[in-house]
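First the structure, in the form of structure tokens, and then the observations on it.
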Amino acid sequence: MRLRGVFLLSLLVFLGSCATSPTGRKQLLLGGNSEVDQMGVKAFSDLKQSTPIETSSSINRYVRCITDALQREAGSSGQWEVVVFRDKAINAFALPGGKIGVYTGILPVANTQDRLAAVLGHEIAHVLSQHGNERMSQQTAVSQGLDLINAMVKPQTQGGQTALGLLGLGAQVGILLPYSRIQESEADTLGVKLMAQAGFDPRESVVLWQRMNQANEAQPFEFLSTHPANTTRISDLNKNMAQAMSIYQQAQRQGKRPNCR
Ligand SMILES: [Zn+2]
């Protein structure tokens, strides 16, 4: 039995690819990019069916202005689809397949363009680093063959819900699967770089996480369960701030001065 498990695991590792994340870390990726992208597209489409969409053109223009500036730096092909959901949850996410969701409830917390860019830069960085695929691959390896990618087509089942949570929709489906500290730190490093390159003030990332913590003290919300805003995060952000500032200043010299309102 034990041998069989080892065999299955080695088969999975063999079938999957050992990739390298944007910060140079080795990753186990079992799912293909196109399969994981399709999962993102499907999950997003389901969410649009079930959640009211904000129609205010000024709010949509404002969010779009920020995501456009970030997307130009993300180097991803194709236009990302951005949807603002009219929902008081303090939440935002990005999904493989080029999807970004912003809940109106996060706007009073991430209450400036730089602070919202900090949240979205972080979420986009999770996607660019393929953390959803990595988490599903780790889970699949541990459970010896539970096929989460197929489970995804049945979102009502437990496997489907787990797959959604691992993909980055934990707060939506109420499955609290925190990213690992390594993944969170990677998303911070890359996310802050992304916002700074786009001309958003990286110092505001620290203010953002402080504001998240304050909001959480008043009324706990699920986004922070999957992305804990602990002191490690804030001190790491501060540690890397000099580098982020030099990227920001260079972006400013290049005329990248977003003015989203
Ligand atoms: Zn995160």
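Coordinate-derived values only; no laboratory data. Quantities reported herein were computed from a predicted structural model and do not represent experimental measurements. Every residue, glycine among them, receives a Cβ derived from its backbone with ideal geometry; neighbour counts consider all protein chains shown.
Please give the contour-minus-distance gain from Ile59 to Thr20: 0.36 nm per residue of separation, less the Cα-Cα distance, rounded to one decimal in nm.
Full extension from Ile59 to Thr20 adds 10.4 nm.
Just subtract the alpha-carbon distance of Gln49 and Gln156 from 0.36 nm times their residue separation and send over the number in nm, one decimal.
37.0 nm
Normalise the Debye intensity by I(0) for the chain, one equal point scatterer per Cα, no solvent, then take log10 at q = 0.09, 0.10, 0.12 Å⁻¹ and round to two decimals.
Result of the Debye calculation: -0.39, -0.48, -0.70.
Grab the Cα-Cα distance for Ser225 and Ile182, subtract it from 0.36 nm times how many residues apart they are, and report the gain in nm with one decimal.
Stretched fully, the Ser225-Ile182 segment lengthens by 13.9 nm.
Pairs to check: Lys26/Lys239; Lys88/Lys193; Lys42/Lys99; Lys99/Lys256; Lys48/Lys88. Give those whose C-alpha atoms are more than 21 Å from each other in this structure.
Beyond 21 Å: Lys26/Lys239; Lys88/Lys193; Lys99/Lys256.
If the rule is a partner Cβ under 4.7 Å, which cysteines in the chain fail it?
Within the chain, the cysteines lacking a partner Cβ under 4.7 Å are Cys18.
Of Pro228, Ala251, Ser45, which is farthest towards the positive pole of segment 14-253's charge dipole, taken about the Cα centre with +1 and -1 on the beta-carbons of Lys, Arg and Asp, Glu respectively?
Positive-end residue among those listed: Ala251.
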